[in-house]
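Every number in this text was worked out from the coordinates using simple rules, so none of it is lab data. The model shown is predicted, which means the values in this text are computed figures rather than measured ones. Methodologically, a virtual Cβ is constructed for each residue, glycine included, from the backbone with ideal geometry; neighbour enumeration extends over all protein chains shown.
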């Protein structure tokens, strides 16, 4: 990983997901306003209901590579970290977002040197 590496954060949520809405109005705002946000591309993929797994049709054309790697997933909110087009972290739930995903994202961003000194 280097300054040239591409970091993508992909958030999967559903319109009828209470935990998704809570994350969207709280933690998403903090994430996107953070200093680290300058170092990654943020993408949001949503479907209409928790009861239906994500399919390739839910992903925009530019993100279908993500579906090819994670498949028809269930369970949202879900947070994916990809480095140079490879999904390296797949976390489900707001507790894992706080405990696992966010610290890993911050560590990767800082290790890359993208933020400077």
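Would you mind ranking 65, 23 so that the residue whose beta carbon has the fewest other beta carbons within 10 Å leads the list? Each step should come with its number before you reach the end.
Numbers: 65 14, 23 22.
Fewest to most other Cβ atoms nearby, the residues stand as 65, 23.
Pairing the Cα long axis of helix 102-112 with the longest principal axis of the chain, what angle in degrees results, from 0 to 90 and rounded to the nearest 10?
Value to nearest ten degrees: 40.
Given the chain, report the % of alpha carbon pairs whose separation exceeds 26 Å. Show your work: numbers first, answer last.
On the way: 1056 of 6786 pairs.
It works out to 16 percent of all Cα pairs.
Efficiency by 1/(1 + (r/R0)^6): what FRET value for residue 35 and residue 61, r their Cβ-Cβ distance, R0 = 41 Å, to the nearest 0.05? Mind dumping the intermediate values first?
Numbers: r = 31 Å, r/R0 = 0.75.
That gives a FRET efficiency of 0.85.
Determine by what factor the alpha-carbon radius of gyration of the stretch 1-54 differs from 2.2 N^0.38 Å, reporting the quotient.
Values: Rg = 13.3 Å, N = 54, 2.2 N^0.38 = 10.0 Å.
In units of the globular-protein estimate, the stretch 1-54 measures up at 1.33.
Give me the one-decimal nm value for the distance between modelled label points at residue 69 and residue 98, 7 Å along each residue's Cα-to-Cβ direction.
Those two pseudo-labels are separated by 2.7 nm.
How many angstrom separate the Cα center of the stretch 66-117 from the Cα center of the stretch 6-25?
12 Å
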